[in-house]
Structures are given as C-alpha cells and as structure tokens.
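The values are calculated or read from the model by the stated rules, or taken from the named source; none is laboratory data. Only a predicted model underlies this, so the values are computations on that prediction, with no experimental measurement involved. All Cβ positions, even for glycine, are placed from backbone atoms using ideal geometry, and neighbour counts span all protein chains on display. With ligands, DNA and RNA removed, areas are computed over all heavy atoms of the protein, side chains included. Shrake-Rupley method; radii C 1.70, N 1.55, O 1.52, S 1.80 Å.
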Amino acid sequence: MTVYAVALSKGGSTKTTTAAELVAALARRGRRVLAIDLDQQGNLTRRLGVTDDTEVEAVASDVMIAEASAIEAAVPAPSVPGASVLVGTHDLASLDQRPEVITALRDHLPEVMGEWDDVVIDTPPALGLVTLAALAAADVVVAAVACETEAYDQLSRLVEVIAQRIAPRMKPGQEVHWIVPTRHDGRRLLDREVVEMLTELHPGRVTTPIREAVAARDAYTAGMPVSVYAPSSGIAADYATALAPIIEPSTTATE
C-alpha cells in the first residue's frame, strides 16, 4: 500500500484538484483507493461525489482520534468507482489542539493495508498538526504549486517543516518527492519562470505543468475529478501525463 499526501500551506494551490486526479488515476488502473479528506472544508469529499445526502457513519476526524477505524468510516466515492472516502468535516478544525493526532494515520493505516491498495490524503492549507499527521503517514509527498510567487514561496516552507519536524523521527528521511506546477499558462512569463526555478531547485522532481482551465471549476460543481467530468479536455491530458511518473512505481510493483 502506498500512501500519497498532497500538501502546500496555501489556499487555492489546486491541492484538492490534484488529490482527486490522483485518486481517479489510481482507480482507473484497478487499484482500490482510500481518499482521506483532512480539510475541514470537505472539498475533496465533494469532488468525489459525496453529498449531504450520503449516509455516513463516521468521518475523518473520528478516525484521527481513534473513535472509528478507516474501515468503519469509509464510504464509496460516487464519482470514482473503486475509491472510498473518509469525509472531511468542520470537526477537523479542533484537532490542531490535540498533539496525539500527529501520528494517528502513520500508526493506523498499516492496520487496514489489506482493505486498500493505495491511500491519497488531501491536506488543509496550513502546516498545523493535521497536515503534519498526513506528512508523517505518507510514502510519497506531492506538492501542488500554482504558478505564482506566493505558492512558490510556500513550497520552501513545506520543505523546511518536513526537514525539521517530520524527517528526523516521525518519518525518517521524509521529503517532498514530487512537485506539480498548476494553473500554468505558457504565454505568461511568470509561469515559465516559476517552472524553470522549480526545476532548477528540485531537479528530477518537477512534473510537466498543468494548464489553467475552466473545466477544473466546472468539475468541482459537478462533484467529479476533472478527468471524469471532461476526460477529453486538455487539463485531463495534462494530469495524465504529470501523474504517470508519480504512480508508476507503486502500481507496477504489485502487478
């Protein structure tokens, strides 16, 4: 089982869009995928088709504080066959006051290894305890970085926090494994410069960029990953190309 965490401490950096595409890409390969929504806004939950009418016995915050197991809490993702979701709710906001949650997923996910092949964790736009819990559990850390200066600066902060708080003991050797440049427009000089800087600073870890597209917003409204909502769109093709090297090692290892 491979655990992916998508992170960056900035709202609007397309973390959730990227996490949903990871879920969809893995599911299309026949993988059983658990999506964990750790953002109190529940955007990944909604993008995977879960609505207020969906019957839910327990939510992500219950799993984090050991009041339910992931198996008890997971619900099928209506828009991605083969995927299940731990629903993100406002209850997650209170967990940053509970230090014990920082190792919750790291310790619990191995217990459900036979239930799913892969796990994809979407994190909140902050580097609090909930995000640190995802980073401590992850085998692969993916940073979704919009092509803008502020998001680029936040990547440096993420790298620093992992090096100082996660890599020494909680997850030895942890690092940012992949960087996905998003909201890219090749006609804009800044966008090209951001991709060049990322590639220079993180050689071998930067994927091909993801274009900015209205389809991503429309797909959210429809409660679907963009590759499900508009499979023939340019942005869906971008994600397929960018995510292939990220998921290839884990999917081929078990085939």
Practice prompt. Find all pairs meeting these conditions: Cβ atoms under 6 angstrom apart; at least six residues apart or on different chains; first residue within the range 144-168 and of a type in the set (A, V, I, L, M, F, W, C); second residue open to solvent by 70 Å² or more (accessible area, probe 1.4 Å).
Written response: Ala146/Arg183; Cys147/Arg183
Worksheet item: Being modelled with pLDDT under 95 and assigned to a loop (DSSP other than H, G, I, E, B), is that true of even one residue in the range 24-36?
Response: no
Worksheet item: Can you name the number of the only condition in (1) buried (at least 18 other Cβ atoms within 10 Å of the Cβ); (2) of a type in the set (S, T, N, Q); (3) out of contact with any strand residue (DSSP E or B) (no Cβ under 6 Å at 6 or more places or on another chain) that Ser69 fails?
Response: (1)
Practice prompt. Looking only at the range 138-151, count how many residues are part of a helix (DSSP H, G or I) and open to solvent by 10 Å² or more (accessible area, probe 1.4 Å).
Written response: 2
Discussion item. For the range 219-255, which positions are of a type in the set (Asp, Glu) and at pLDDT 95 or above?
Written reply: Asp238
Response to the item:
In the set Val23, Val59, the lone residue that is surrounded by fewer than 24 Cβ atoms within 10 Å (Cβ to Cβ) and farther than 13 Å from Tyr220 by Cα is Val59
Worksheet item: Only one of (1) open to solvent by less than 20 Å² (accessible area, probe 1.4 Å); (2) in contact with a strand residue (DSSP E or B) (Cβ under 8 Å, 6 or more places away or on another chain) is not met by Glu115, so which one is it?
Response: (1)
Worksheet item: Could you count how many residues in the range 50-66 are farther than 18 Å from Pro110 by Cα and either touching a strand residue (DSSP E or B) at 6+ places or on another chain (Cβ under 8 Å) or of a type in the set (Asp, Glu) (or both)?
Response: 8
Worksheet item: Out of all the residues in the range 152-207, which are of a type in the set (Asp, Glu) and surrounded by fewer than 18 Cβ atoms within 10 Å (Cβ to Cβ)?
Response: Asp153, Glu160, Glu175, Asp185, Glu193, Glu196, Glu200
Response to the item:
Within the range 43-53, residues being part of a helix (DSSP H, G or I) and either aliphatic (A, V, I, L, M) or free of Cβ contacts under 8 Å to residues at least 60 places away in the same chain (or both) number 2
Practice prompt. Sort out which residues of the range 106-140 are within 17 Å of the chain's Cα centre (by Cα), closer than 24 Å to Glu248 by Cβ and hydrophobic (A, V, I, L, M, F, W, C), and write them in order of number.
Written response: Leu109, Trp116, Val119, Val120, Ile121, Ala134, Leu135, Ala137, Ala138, Val140
